[in-house]
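S.K.: I have a structure here, written as structure tokens, and I will follow up with some questions on it.
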Amino acid sequence: MGWAIKEEERKFWLEANFLTGWGVDRELQRSRFVRSPEALYGFKSYMRYWPDGIYAVARIHPREGVSRVKVTISYYNNKGRRFRRSPLAG
């Protein structure tokens, strides 16, 4: 399992695939994400907040057939706007 940076025009996110939903839950909890009590946009979600108001939303996508479980993480600033570029991009 490895996280990959994905970018499109005007947005970026991290993406990874896991064998099981249990593996996803364990990895996100280990990374200090907290389970959201409600589904956001129909996805099982986790959230992580930083003291400066930046936060991340991890969305667990429903498994389709025998494929792996896909997770995406989007980052937002303290005004609730999604980051448009990866801070790791040159």
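S.K.: Could you say whether any residue in segment 21-37 is within 23 Å of residue 77 (Cα to Cα) and at pLDDT below 85?
M.R.: Yes, there is a match, as at least one residue in segment 21-37 is within 23 Å of residue 77 (Cα to Cα) and at pLDDT below 85.
S.K.: For the subset of segment 38-59 comprising residues that are part of a loop (DSSP other than H, G, I, E, B) and within 16 Å of residue 70 (Cβ to Cβ), which member is modelled with the highest pLDDT?
M.R.: 42
S.K.: Could you please let me know if residue 81 is within 15 Å of residue 3 (Cβ to Cβ), out of contact with any helix residue (DSSP H, G or I) (no Cβ under 6 Å at 6 or more places or on another chain) and either exposed (fewer than 13 other Cβ atoms within 10 Å of the Cβ) or at pLDDT 90 or above (or both)?
M.R.: no
S.K.: Can you tell me how many residues within segment 5-55 are loosely packed, with under 14 Cβ neighbours inside 10 Å and among the small types (Gly, Ala, Ser)?
M.R.: 4
S.K.: Within segment 60-78, can you find the residues that are assigned to a loop (DSSP other than H, G, I, E, B) and either touching a residue at least 24 places away in the same chain (Cβ under 8 Å) or among the hydroxyl-bearing types (Ser, Thr, Tyr) (or both)?
M.R.: 63, 67, 68, 77, 78
The values are calculated or read from the model by the stated rules, or taken from the named source; none is laboratory data. Owing to the predicted nature of the structure, the values given are computational and were not obtained by experimental measurement. Glycine also receives a Cβ, built like all others from the backbone with ideal geometry; neighbour counts cover every protein chain displayed.
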